[in-house]
């Protein structure tokens, strides 16, 4: 398979997939190394841009995906007049921000930071599959723990959790900061795992 | 009357921290340089204006008001003379409680900023349209895949039901009793009833199994269950794995005969 054909195959796969495609998936399909696959995706990205096409390839949720250019949004919306997905509420975004950085995290912890009850918000986020229940915290009451999902990354166009801007250190509470870092690390593992599942389901 | 001309728009706040944060920003102050007394007054003033507008005030806002008042009163109370020599400790304690509030506010501020960042990301990402076949995707069962796939990633019972419906369509799905037609059972039931009437005594279930094979056993058993449901017969079994005795219910005499 010559290189040109490989690149066209990458384009076709990204075009067809509704979910982000992982680089190792592309590499396996084309029987090439991950570095080569990445180079191909990079070239495809540039090709689309330099040919001034309406499509772009971007990195999201640990994979690559093809989508339309943002500046075309008004025309696309006009053409399809689809129900424009409603934005999340401010409360939902606050809760998501806390979960993203502190995961796995309990409802009480979220509420104590926000200063308001958040049951309803969490329910909605669960419904939208932006968060999931990842388990229970050991201790009194064994409260549920919440994590973000791969859909969270997709929704906000994030490559991975570590791509979130780092929380500014507020004052000298270093211990709290350190804790954040380890929590995020754990969460990353969880996310990679579930992204794997996602990609598997595409291949099925 | 004149008031109706005005449209008063109060910003909505997600919670007490959100309101406090707003007040601090309005005063162009740093969280660490706010005065508890001032912020308490402003906070209460805001709650008052909400009350005047007949807006419902969530309990969290009131709890925060109480907390602020407690902090403020601590600052206003003169220190008792006997504690003068412990001045530093006392001071530390006072700062600590206010500091706790500052720390909480600071933490809230970080996540508040992060939620603004997420909002920007959301807006950007919503401008990008992805390929979508639309509608609900249903995983198709391949030969290599187990039925387990039906459950995988399903968040709702309805998901599972949809997938199951799909699976029954595509696979050579064979419900165990699909071939048990009503008339076969009716036939067998008639046969059982006739035989019981003829013999005028309870008979073991095995007497009704006329042909060899599992299918015949199943049909007989289902027929008997159906007849039991209709109160036509009674099934008796004296011990586990013992013979099942079929008694015709309509004829009480049969039972007495059996008893005697």
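The values are calculated or read from the model by the stated rules, or taken from the named source; none is laboratory data. Remember, it's a predicted structure, so these values are computed and weren't measured experimentally. Positions of Cβ are generated from backbone atoms using ideal geometry, with glycine treated the same way; all protein chains shown enter the neighbour counts.
Quick notes on this one:
- Any hit, segment A:82-96, residues being away from every other protein chain (no Cβ under 13 Å), surrounded by fewer than 19 Cβ atoms within 10 Å (Cβ to Cβ) and under 30 Å from residue B:127 (Cα atoms): no
- Of all residues in segment B:7-46 being assigned to a helix (DSSP H, G or I) and farther than 17 Å from residue B:101 by Cβ, the one that is modelled with the lowest pLDDT: B:26
- For segment A:24-42, the condition holds for no residue, the condition being that it is within 14 Å of another protein chain (Cβ to nearest Cβ), buried (at least 18 other Cβ atoms within 10 Å of the Cβ) and within 26 Å of residue B:127 (Cα to Cα).
- Scan segment B:222-243 for residues that are at pLDDT 85 or above and in contact with a helix residue (DSSP H, G or I) (Cβ under 8 Å, 6 or more places away or on another chain) and the total you get is 9.
- When segment A:97-118 is filtered for residues that are within 13 Å of another protein chain (Cβ to nearest Cβ) and part of a helix (DSSP H, G or I), the ones remaining, listed by number, are A:97, A:98, A:99, A:100, A:101, A:102, A:109, A:110, A:111, A:112, A:113, A:114.
- In segment A:97-110, the count of residues that are farther than 23 Å from residue B:105 by Cα and within 23 Å of the chain's Cα centre (by Cα) is zero.
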